[in-house]
1. Name the residue, out of Val23, Val43, that is touching a helix residue (DSSP H, G or I) at 6+ places or on another chain (Cβ under 9 Å), without any contact (Cβ under 8 Å) to a residue 12 or more places away in the chain and more than 25 Å from Val303 (Cβ to Cβ).
2. Out of the residues in segment 397-445 that are in contact with a helix residue (DSSP H, G or I) (Cβ under 7 Å, 6 or more places away or on another chain) and in a loop (DSSP other than H, G, I, E, B), which is surrounded by the fewest Cβ atoms within 10 Å (Cβ to Cβ)?
3. Return yes when Val255 is β-branched (Val, Ile, Thr) and in a helix (DSSP H, G or I) and no when it is not.
4. Within segment 143-179, how many residues turn out to be outside any strand (DSSP E or B), modelled with pLDDT of 95 or more and either closer than 26 Å to Arg16 by Cα or open to solvent by 50 Å² or more (accessible area, probe 1.4 Å) (or both)?
5. With respect to Glu388, is the statement that it is surrounded by 15 or more Cβ atoms within 10 Å (Cβ to Cβ), at pLDDT 95 or above and on the phi > 0 side of the Ramachandran plot true?
6. Restricting to segment 237-257, give me the number of residues that are more than 17 Å from Trp208 (Cα to Cα) and either open to solvent by less than 70 Å² (accessible area, probe 1.4 Å) or among the basic types (Lys, Arg) (or both).
7. Inside segment 263-299, can you point out the residues that are within 24 Å of Gln228 (Cβ to Cβ), exposed (fewer than 14 other Cβ atoms within 10 Å of the Cβ) and of a type in the set (A, V, I, L, M, F, W, C)?
8. Just for segment 204-236: of the residues that are of a type in the set (D, E, K, R) and open to solvent by 50 Å² or more (accessible area, probe 1.4 Å), which one is farthest from the chain's Cα centre (by Cα)?
Amino acid sequence: MPPFVHRITKYDPADRDEHGGYVGAEDTTSDHGPVEAACLQAVAAFAEDTGVDRLAVREPGISGPVHFGREPAVDGFGLAGLFPSDLSGFHDGAEVPLALGLELVRVMLRDNGAWCRLAVEDRFEVQVGWDQYVYVSSDRPCERAVARTRALGLFPERLEASPHDADFDEPGVQRPADEDFWNRLRWSVGTGEAAMLEEGYLHNASRWHRLTEDTLDAVRARLTPRAQLTVWPGLSTDVGAVLASLPDEGPVEFVWEDRDGTVSGALVHESEYRELAARVADARAATALPLAADERHPLFTAVLPDDDGVLRARWRTEATPSDRDWAFLKTLRRGQVRTGTVTATADFGVTFVDIGGFTAIINLPELSWRRFDHPSDIVAVGQEISAEVIDVDMTRERVSLSLKALRPDPLVSLARRTGRVVTGTVTKVVPFGVFVRVEEREDGFEGLVRTAELYEDPAGHHEHAVRAGDPLVVKILHVDPLRRRIALSHLQALPHGKP
């Protein structure tokens with residue numbers, strides 16, 4: 001934050017009690033006149049001393065369902081004439097000329113229903129607090145602006161920091177609406193998991209969009225810069241049941257889709273339910289959402305980054321389980337070794353492992369280099385294991401592990417025995433030869449002795465047929481660790497065998 005912070009007020013510092021509270025006779029609402037004009041001139045003087053003539057709108061908002069200000073909000077939140085009726089141009093990061101910035105300060109002094117910070121990164125900032133306290137921060141001392149403020153009849157007081165400086169070093173990481181997010185959203189829409197997108201373009205203001213695989217790109221293209229995005233499942237087509245489920249006491253957020261496809265949302269109290277029912281009588285779908293964050297259950301959330309991919313919006317969404325999974329997945333890389341606890345082994349071959357609150361999977365081929373019948377032959381539920389991360393799928397939010405990757409491949413050792421003669425056990429007889437286990441262990445590797453390498457006279461071999469369980473002398477011809485194949489020969493293992 002800029003180091004030189006001044007609080008500009010119309011209140012004489014001498015008129016404060018021992019706790020700093022104002023006890024003088026000044027009205028704490030705007031006079032809509034000379035005092036207000038003096039405040040704007042003082043802000044302009046600090047901007048001139050700092051050398052700025054354009055300001056960025058930060059964390060903008062409008063009045064919510066409860067208004068705590070000194071004056072009632074006005075229609076249009078005081079922004080009529082400053083921005084279009086849909087408030088386009090009034091969003092986080094929007095640059096405005098100093099003159100328009102001063103008009104926004106006027107709106108906040110009058111408590112008309114809109115608010116924001118006005119800033120130039122690391123150089124200048126304006127905030128309006130309760131009772132018309134104005135906080136101006138600059139990277140310069142601004143002695144002339146301080147003198148000008150006094151000459152205007154106001155009181156500039158030097159502070160260490162503005163009490164309205166937000167603590168943006170909150171725990172957790174905000175999920176950006178980057179390509180990983182859009183790929184996840186597209187997959188969720190395609191699987192039927194997600195169907196609605198809530199676009200929070202200001203504090204206390206949002207728009208709703210129905211999502212399909214065909215419309216997703218169009219919706220993305222018209223979103224407000226730096227908007228907060230919340231992904232929801234589909235609306236219920238039983239609108240009557242949704243109305244019947246409304247709580248006895250509000251407020252709740254009611255979202256509905258009209259017959260023409262327009263999706264709307266409104267905050268309603270119990271006194272407005274009858275009017276609401278008439279309004280949505282022809283709606284084709286609806287839902288009712290509680291306002292408490294711990295009672296709302298969206299699928300996942302994000303905030304739009306700027307065009308260069310940098311996330312500069314400082315507000316945060318309420319993290320969902322999916323968002324927390326995303327934050328964890330961002331810490332993983334292929335080749336990492338993670339320690340976890342086996343939570344389940346499935347008959348279809350997947351092993352589930354808890355690696356710090358996230359359930360990863362080990363597919364059947366990644367459990368062992370050797371043959372086995374069931375995952376429980378290799379691991380047990382409750383067992384702590386170490387495994388290598390072999391894939392992080394941000395779209396499906398899946399992590400694949402490999403247990404065998406941390407162990408040497410015994411087939412590589414066997415390959416060093418190529419050319420040796422060993423005695424093995426026939427495990428299976430097939431039309432084109434026999435399989436022989438060449439290691440003295442139950443899960444030992446098996447190789448193929450083709451018919452041509454088994455009998456000198458393949459046409460008459462039935463008189464000396466080899467059966468499963470028979471011992472057989474074989475020569476190891478070739479071991480292919482990648483294709484998991486071993487070629488053997490019985491004839492070449494015999495003293496008079498083929499060369």
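1. Val23
2. Among those residues, the one meeting the criterion is Phe432.
3. Numbers: β-branched (Val, Ile, Thr): yes; in a helix (DSSP H, G or I): no.
No: the conditions fail for Val255.
4. Residues that pass the stated criteria total 13.
5. Working: surrounded by 15 or more Cβ atoms within 10 Å (Cβ to Cβ): yes; at pLDDT 95 or above: yes; on the phi > 0 side of the Ramachandran plot: no.
No; evaluated as a whole, the condition is false for this residue.
6. Taking segment 237-257 first, the residues more than 17 Å from Trp208 (Cα to Cα) are 238-251.
Cutting the leftovers down to either open to solvent by less than 70 Å² (accessible area, probe 1.4 Å) or among the basic types (Lys, Arg) (or both) gives us 239-243, 246-247, 250-251.
Count: 9.
7. Step one: list which residues in segment 263-299 are within 24 Å of Gln228 (Cβ to Cβ), which gives 263-268, 285-299.
Narrowing the set further to residues that are exposed (fewer than 14 other Cβ atoms within 10 Å of the Cβ) leaves 291-295, 297.
Those that are within 24 Å of Gln228 (Cβ to Cβ), exposed (fewer than 14 other Cβ atoms within 10 Å of the Cβ) and of a type in the set (A, V, I, L, M, F, W, C): Leu291, Ala292, Ala293.
8. Taking segment 204-236 and keeping what is of a type in the set (D, E, K, R), we get 207, 210, 213-214, 217, 220, 222, 226.
With the extra rule that they be open to solvent by 50 Å² or more (accessible area, probe 1.4 Å), the set shrinks to 207, 210, 213-214, 217, 220, 222.
Values: Arg207: 20, Arg210: 20, Glu213: 20, Asp214: 23, Asp217: 19, Arg220: 16, Arg222: 20 Å.
Filtering segment 204-236 for residues that are of a type in the set (D, E, K, R) and open to solvent by 50 Å² or more (accessible area, probe 1.4 Å), the one farthest from the chain's Cα centre (by Cα) comes out as Asp214.
The values are calculated or read from the model by the stated rules, or taken from the named source; none is laboratory data. Remember, predicted model here, so these are calculated numbers, not experimental data. Reconstructed Cβ throughout: ideal geometry from the backbone, glycine too, with neighbour counts over all protein chains shown. Note: accessible area is taken over every heavy atom of the protein model, side chains too, but ligands, DNA and RNA are not part of it. Shrake-Rupley method; radii C 1.70, N 1.55, O 1.52, S 1.80 Å.
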